Amino acid sequence: QAQLVESGGGSVQAGGSLRLSCVGSGRGFSTYAMGWFRQAPGKEREFVASIRWSGPSITYADSVKGRFTISGDKDESTVYLQMNSLKLEGTAVYYCNAVDLYGSQWLPESGGWGQGTQVTVSP
């Protein structure tokens, strides 16, 4: 059974930092690449960052470049997202998922998602 469990969210003031964690089990965790996504209230889920273990090769959404860092341990089935200099628009539920490259986009491999972890950024 595939399972992804995200944690580490919370409330933080703008400019603050949080570190998110994702632990996978079963087929939920990819040994090829993992990604972080987020969904803000009233908006569609969007790509945040990905890490392809071979290399590794890392990609960030333009909106988080220079502030967020993705890392992890493939053998431990864990992936992290260090978020610094958080902005108000960072308020969202953050999810991890196995990803694959489709053209130039990293997209989730499956439609299954964990429960996510809520990040709330206040002024």
Note to self: Can you return the lysines within cross-link range of K87? Criterion is Cα-Cα under 27 Å, with same-chain partners fewer than 8 residues away left out.
What the structure shows: K43, K65
Notebook entry, point to check: Can you pull out the GluC sites (Glu not before Pro) in region 44-123 that DSSP calls coil and that have at most 14 other Cβ atoms within 10 Å?
Noted result: E44
Notebook entry, point to check: What share of all Cα pairs of region 59-116, in percent, falls into each consecutive 10 Å distance bin?
Noted result: 18, 49, 32, 1
Check: Ignoring any ligand, DNA or RNA, what whole percent of the accessible area of region 1-122 comes from carbon and sulfur when the probe is 1.4 angstrom?
Finding: 45 percent
Note to self: What do you get for trypsin sites (Lys or Arg not before Pro) in region 65-117 restricted to DSSP loop and a cutoff of at most 11 other Cβ within 10 Å of the site's Cβ?
What the structure shows: K65
Next item on the list: Taking only protein heavy atoms into account and a 1.4 Å probe, give the accessible area per residue of the chain in Å².
Entry: 52 Å²
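Nearest 5 percent is fine: what portion of the DSSP beta bridges confined to the chain is antiparallel?
Given both bridge residues lie in the chain, the antiparallel proportion sits at roughly 90 percent.
The values are calculated or read from the model by the stated rules, or taken from the named source; none is laboratory data. Bear in mind that the values here come from a model prediction, so they are computed numbers and not experimental data. Every residue, glycine among them, receives a Cβ derived from its backbone with ideal geometry; neighbour counts consider all protein chains shown. Each accessible area value is taken on the protein alone, full model and side chains, heavy atoms only, with ligands, DNA and RNA left out. Shrake-Rupley method; radii C 1.70, N 1.55, O 1.52, S 1.80 Å.
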